[in-house]
1. Output the residues belonging to segment 184-207 that are assigned to a loop (DSSP other than H, G, I, E, B) and either modelled with pLDDT under 85 or in contact with a His (Cβ under 8 Å, 6 or more places away or on another chain) (or both).
2. Going by the structure shown, is S102 in contact with a helix residue (DSSP H, G or I) (Cβ under 6 Å, 6 or more places away or on another chain) and either closer than 30 Å to G310 by Cα or of a type in the set (G, A, S) (or both)?
3. Just checking, does segment 285-307 include any residue being within 23 Å of Q348 (Cα to Cα), touching a Leu at 6+ places or on another chain (Cβ under 7 Å) and of a type in the set (F, W, Y)?
4. Within segment 338-365, take every residue that is assigned to a helix (DSSP H, G or I) and aromatic (F, W, Y) and give me the one that is farthest from the chain's Cα centre (by Cα).
5. Step by step: first the residues of segment 64-108, then only those that are part of a helix (DSSP H, G or I) and in contact with a strand residue (DSSP E or B) (Cβ under 6 Å, 6 or more places away or on another chain), then the one that is nearest to F6 (Cα to Cα). Which residue is that?
6. From the list I356, I377, which one is at pLDDT below 95 and among the β-branched types (V, I, T)?
7. D93 - would you say it is closer than 27 Å to L369 by Cα, surrounded by fewer than 20 Cβ atoms within 10 Å (Cβ to Cβ) and touching a helix residue (DSSP H, G or I) at 6+ places or on another chain (Cβ under 7 Å)?
8. Modelled with pLDDT of 90 or more, within 19 Å of D93 (Cα to Cα) and surrounded by fewer than 19 Cβ atoms within 10 Å (Cβ to Cβ), is that true of K2?
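The values are calculated or read from the model by the stated rules, or taken from the named source; none is laboratory data. Source: prediction; values computed, not measured. Heads up, the Cβs are rebuilt from the backbone with ideal geometry, glycines too, and the neighbour counts pull from every protein chain shown.
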Amino acid sequence: MKLAVFKDHGIGRFFAQLFDDIPEAKFFLSEKNKSGLGVTQRPRHMLSEREQARLIIKSPIKAFRRLRENAFDRKRDFHYFELEAAANAHEFDIALTGSEHSLYTLASLKAKGADFKLIYWIPFTIPFVDMFAERSMLIREFAFPYIDHFIAITHTCEKTLKLEGIDHNRITQIYPGIDIQKFSPRKKATPPSLESFHVLFVGKLTSWKGCYTLLYAAKILVEKIPGLRVTLVGQGAQRSGLEKAADLLGIAAIVEFKGFVHYDAMPNQYEEADVFVLPAMPALNLAEQFGYVVAEAMACGLPAVVSKVGGLPEVVGEHPDLLFSPGDFRELADRLLSLYKNKDLRSQLSLWCLDIARKKYDAAKNGQLLRKKMLEISGSKEQ
């Protein structure tokens, strides 16, 4: 098996770590990759604008025909001519992608006779979510018939694919993974007490992450929990608005905005917290799909309280004490107050989350499940 891995310009450590122990994997990494070029130690095929331009200049008529095939939409393809050359050189016999532009290019190559299996690593929890973007829908309608297999990252996603009419024989559910060794429980400097209660959020400070819901809940709790602290780790367009909201609510003194925190420093953030919250909100074309930070927090032994959005309830094992209705800050406040008052409940939910994380979200284990499936699809024998 020769496995090519794609995610357009968005290959990050979260995605790449699944393939750390898959020796057959090679990453096709764009020079524009948002998370940098050092996200994996696996072999890499570097994709560059210069090489793409060289191939276009070498065959201008062919390049024009391809552009015409794409209705002169220059953004539809992902390094088409470089991938065509790689496919013709048999650099891979199975290609896995988690992004739509490389999906379209790879499907186009298959349509022209390239011989490889095409796998779509898919996270979506909203049926036919592609219909909200014209280009995405066009890519879907063209590419889906050429997909040999779908890897659904949650059972919620798997059910969505089945609802869309994808045959169950073309779907395998395999969770993403986190570094269980890196994210694990640590002995806290001070044991839990009724003197303090530290609530942690990690993620983009955007409206659909629901951070305002957390601040409204904090307003309710500030008089009931004397040592309440709320920390928001991350950056985004809503930071100034959230800071203003905290000030208007009179809770600015207990709310800390930490901004960006490096991945290697994240275990310390979880260690300092008593509970993790991801209060995501649903949108017309967007719903939280998995939540790597939820899995990280769980692996560190934190109770993870999440809204009933997308795949989040599944990630925390559908435990009612960890779930609340999106946007319902009073219900969120009730959940957090119960965890504050009831140490036994907090301990039980801590163990619940830790057990799920270790059993289901270990990147090394899930990577091997993925490798086994890829070997099966490619027709290679286990080695």
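1. R186, K187, K188, A189, T190, P191, P192, L194, E195
2. no
3. For segment 285-307, residues within 23 Å of Q348 (Cα to Cα), touching a Leu at 6+ places or on another chain (Cβ under 7 Å) and of a type in the set (F, W, Y): absent.
4. Only one residue tops the list, namely Y340.
5. S102
6. Being at pLDDT below 95 and among the β-branched types (V, I, T) holds for just one of I356, I377, which is I377.
7. yes
8. yes
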